[in-house]
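The values are calculated or read from the model by the stated rules, or taken from the named source; none is laboratory data. Computed from a predicted model, the values in this text were never measured in an experiment. Quick reminder, even Gly has a Cβ in these numbers, built from the backbone with ideal geometry, and neighbours come from all protein chains shown. Ligands, DNA and RNA are excluded from the accessible area calculation, which covers all protein heavy atoms including side chains. Shrake-Rupley method; radii C 1.70, N 1.55, O 1.52, S 1.80 Å.
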Amino acid sequence: MATVVPPRPRAGRRVGFIFILFLLLGLACIASLMFGVRSISVTDAFQSLLGATSTTEQAAAAKRLPRTVLGIVIGAALAVSGMTMQAVTRNPLADPGIFGVLTGASLAVVIGIAFFGLGNPVATMIVAVIGSAAAAVFVYTVGSLGRGGATPLKLALAGAATSAALSALVSAVLLPRVQVMDSFRFWQIGGIGGAEWDRMTMAAPFLILGFLICWLSAAGMNALALGDEVATGLGVNVLRTRLVSSAGAVLLCGVATALAGPIAFVGLIIPHLCRLIVGTDHRWLVPASALSGAVLILLADTLGRVITRPSEVAVGIIMPLIGAPLFIWIVRRQKVRDL
């Protein structure tokens, strides 16, 4: 029986989608500047982008600019990180949250704060990256044990168990230390309200390096999707490609977590939605995922500021409300496709 090959998305469709994402990102940025405790007109939002702060509204919009930039950075980093993890493990359910990578970063930061007085932003990022890497290696090692190697189901189960265990350790470290808990709890929820230019400037080199690694590994990730044997036959060093790609994903996830706290589901749902439109070519998936993740985080953060005005709901709380239904849809879709 002949195998039916799904039609490959045309280049025009991909370019059109990227163009639409740029438009949506621009609109999401304007909305992020406009809405909050004080609503601001479109004109003042545009003027604030040009550096104008002569009126109260323009000054308020200018104060929201770091938050908007951080939302773009965090959304792009988490989406590309999740996409890379899915490519490296060939697991459609791979995600920094499900694999315990976010919790690993959280535990490392908590230990650094509680026992070593960690406060330097660069040191916090390095510690978060180390925690992310340790959790990723542990989950992949445990998921690889037994017959069949690292199957998607075993990796998902290992990640869920590891995430639960690390969360318990985070609580064990925090509970006896009330002062540390007070300073950590807002970060643990996950949000972009505490954006600061200085911290983002320090994080920029790490984030740029992570994006470049994932971008340059796109061709190798395309080969991995064909299977290890085929990839080797095409001249791809499978082990090196996995290690390098994973390093980029962990770097992005760790730095993003250090900046904004653990924000789940972005790296899970965005790559799936992008594949439906641009296909499985990672040379297109990397920019599409980055732009889509940025749009999603900005819209979720803006929604959190609007629905409970004058207070706000952190984006780390909004994302599970959006991501959980989409996660169920992804699981059901994957199950039907595998039948």
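Largest GNM mean-square fluctuation among Q58, Q179, Q47, using the chain with Cα springs under 10 Å: Q179. Measuring nothing but alpha carbons in segment 190-339 and taking Rh as the Kirkwood radius, the Rg to Rh ratio lands at 1.02. Largest GNM mean-square fluctuation among L259, L224, L169, using the chain with Cα springs under 10 Å: L169.
Which of the listed residues, G131, G279, I208, is farthest toward the dipole's positive end in the chain, when Lys, Arg count +1 and Asp, Glu count -1 at the beta-carbon? With unit charges placed on the Cβ atoms, the residue in question is G279. The label point for N120 and the one for L209, both projected 7 Å from the Cα toward the Cβ, are 1.5 nm apart.
For segment 23-144, report the translational diffusion coefficient in µm²/s to the nearest whole number, using Stokes-Einstein at 4 °C, 1.567 mPa s, and a Kirkwood Rh over Cα pairs. Rounded, D is 76 µm²/s. Taking only protein heavy atoms and a 1.4 Å probe, the accessible area of segment 257-339 is 70% carbon and sulfur. The distance between label points at S311 and R38 comes to 2.2 nm (points 7 Å beyond Cα on the Cα→Cβ vector). Rounded to the nearest angstrom and listed largest first, the equivalent-ellipsoid semi-axes of segment 69-112 from its Cα gyration tensor are 20, 16, 6. Ordering G36, L21, M85 by Cα displacement along the dipole of segment 11-86 toward the positive end leaves M85 in first place; charges were set at the Cβ atoms of Lys, Arg (+1) and Asp, Glu (-1).
Principal axis analysis of the Cα atoms in segment 126-188 yields extents of 47, 22, 16 Å, listed in decreasing size. For segment 66-221, the share of accessible area belonging to carbon and sulfur comes to 73 percent (1.4 Å probe, ligands and nucleic acids excluded). Relative to the compact-globule estimate of 2.2 N^0.38 Å, the Cα radius of gyration of segment 170-279 comes out at 1.38.
For the options V295, V266, V306, a Gaussian network treatment of the chain with springs between C-alpha atoms closer than 10 Å singles out V306 as fluctuating the most.
About the centre of its Cα atoms, segment 1-144 shows a dipole size close to 420 debye [charges on the beta carbon of Lys, Arg (+1) and Asp, Glu (-1) only; nearest 20 debye]. With all protein chains kept in place, the per residue accessible area of segment 258-328 amounts to 34 square angstrom at a probe of 1.4 angstrom. Between the residues W329, A108, I192, the greatest Cα displacement towards the positive end of the dipole of the chain, with unit charges on the Cβ of Lys, Arg, Asp and Glu, is found for W329.
Diffusion of the chain by Stokes-Einstein, at 20 °C in a medium of 1.002 mPa s and with Rh set to the Kirkwood radius over alpha-carbon pairs, works out to 104 µm²/s. Helices that extend 30 Å or more along their long axis by alpha-carbon positions and average at least 0.0 on the Kyte-Doolittle scale are, among the DSSP H runs of the chain, 11-34, 56-89, 121-144, 152-174, 238-260, 282-306, 315-338.
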